[in-house]
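Read the structure below first, then the notes.
Read-outs: derived from the displayed coordinates by stated rules, not from any lab. Treat the numbers as computed from the prediction; the structure is a model and nothing was measured. As a convention, Cβ positions derive from the backbone with ideal geometry for all residues, glycine included, and neighbour counts pool all protein chains shown.
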Amino acid sequence: MRIAVVSSDCLEVDQRFSRAERFLIFEDQGEGLRLVDERSSEPLPLEFFDQAMFDWVADIIKDCDRVYMARIMDKPAKALKKRGILPVVYQGPIHTLPV
């Protein structure tokens, strides 16, 4: 399983989806999480429901099964689900993610 994490410090899940400056990409192979990539993003403007902008951000994590973030609004959460990416609201240390 591949997951994306929104984090400001690479230790905690502590940012909103729309404020992500990067996505940390982990793989879970049953023996814990292993960091495999870090992908740059840009915080989305308040009117981020411009479909082209949302598609650009969603494409950054298109190979992930889940994305963990501190908060996400309903509209982007539904759009991620349609792409097969499960949005998970979680705040806390990355090493204790409920995968």
Name the long-range amide H neighbours of residue 41: under 5 Å, sequence gap of 5 or more, or other chain; modelled H, no Pro or chain starts. 22, 23
Give me Rg/Rg_expected for the chain, where Rg uses Cα atoms only and Rg_expected = 2.2 N^0.38 Å with N residues. 0.98
With angles folded into 0 to 90 degrees, how steeply does helix 51-60 sit against the dominant principal axis of the chain? Use alpha carbons for both and round to 10. 10
What spacing in nm lies between the two simple spin-label points modelled at residue 38 and residue 83, each 7 Å away from Cα in the Cβ direction? 2.2
Counting only residues 5 or more apart in sequence or on a different chain, those whose built amide H sits under 5 Å from that of residue 33 are none
Determine the calculated [θ] at 222 nm for the chain from helices alone, applying -39500 (n - 2.57) to every DSSP H run no shorter than 4 residues and normalising by the residue count; nearest 500 deg cm²/dmol. -5500 deg cm²/dmol
Which residues' amide hydrogens lie under 5 Å from the amide hydrogen of residue 70, considering only partners 5 or more residues apart or on another chain, with H built in the peptide plane? 14, 15, 16, 17, 90
